[in-house]
Each structure stands twice: as structure tokens, then as C-alpha cells.
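The structure appears right after this line, and notes come after that.
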């Protein structure tokens, strides 16, 4: 069942979410770089290191973006009573505070 909630992530929750997204983008970008290098006639071993490093570097950079942008995210969520998320949710524990 798809549900809709208003949420506000804390600093580390936002950084973890962005790091996960950045890692996924890095996997796709690293693979695309590998294919592009091979298509251009380059050595496959030249593209292997960037392909391995790309997911981790993207995860780090997007987590840092979360750190830098958190004050704006916090202000936005307080102004709009949270951020609306839709999807499947599993309640881990009872919330003690309102957003």
C-alpha cells in the first residue's frame, strides 16, 4: 500500500540519503565512462580505476552537499511543515515529537 507522510530528515538522515543516491549515480557514471573509453579505443585498464572510485567519490560529494545545504532544507521543512514523501513505509518506533 502506498502511503503519504510529511517528514523532516535530520542532518545525518539527509546525508545518508544523498550519499546513497550519489553512490548509485557514481555506479552508472563509472560504467558509462568505461564504455565510452572502450568505444574511443582506449585501454580498458585506464577506465577501471575511475569506475571503481566514482561511486565512492560521488557518495562523499553528495553527502557533503547535504551538510552544506542542510540549513536551507531545515528552513524549508519548518516553513512547509515538512517534506511530503510517498511510498511504502515501515514504522520502526513511535515518534515523540512533531515536525
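Remarks
- Matching residues in the range 54-90 - criterion: being free of Cβ contacts under 8 Å to residues at least 24 places away in the same chain and either in contact with a helix residue (DSSP H, G or I) (Cβ under 6 Å, 6 or more places away or on another chain) or assigned to a loop (DSSP other than H, G, I, E, B) (or both): 80, 90
- Here the condition is being out of contact with any strand residue (DSSP E or B) (no Cβ under 7 Å at 6 or more places or on another chain) and surrounded by 11 or more Cβ atoms within 10 Å (Cβ to Cβ); of 60, 90, 85, 49, it holds for 60 alone.
- Odd one out for residue 47, checked against (1) in contact (Cβ under 8 Å) with a residue 12 or more places away in the chain; (2) within 13 Å of the chain's Cα centre (by Cα): (2)
The numbers here are math on the coordinates, done by the rules we state, and not lab data. Just so it is clear, the model here is predicted, and its values are computed rather than measured. Every residue, glycine as well, gets a Cβ built from its backbone with ideal geometry; the counts of neighbours run over all protein chains shown.
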